[in-house]
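No value in this document is a laboratory result; all are computed from the given coordinates. Here the structure is a predicted model, which is why all the values come from computation and not from measurement. Cβ placement follows ideal geometry from the backbone for every residue including glycine, while neighbour counts extend to all protein chains displayed.
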């Protein structure tokens, strides 16, 4: 066995493992100007603390927030996302890109999708 073969077979014994309950949230049909809030929940199924190093929305209308504290093995965490539909119309597919310290999921993409329609004035 060559050294290169051996190196590839080496398994990381202690590592975090991020697993989300869902990575896609369909908010359905909303009126233009509405704001959607959604929480994506995840669990660290690994053997080392899990850290979200950064979270970035696909545009200024999609704003993520998350705990900067590492999540211990077996524990859960969350990523809150706010989508502001002001100025948006039609089908929407917005993403949040997470950078983590999980060697098997260094980048995770969360998605919010749905449709934005013109607000209908309420009848008096």
Exercise. Candidates [x] 47, 30, 26; [y] 78, 28, 21; [z] 51, 28, 25; which is the computed Cα extents along the principal axes in Å?
Worked result: [y]
For this session: Would you calculate the separation in nanometres between label points at residue 118 and residue 69, each defined as 7 Å from the Cα along the Cα-to-beta-carbon direction?
Result: 4.8
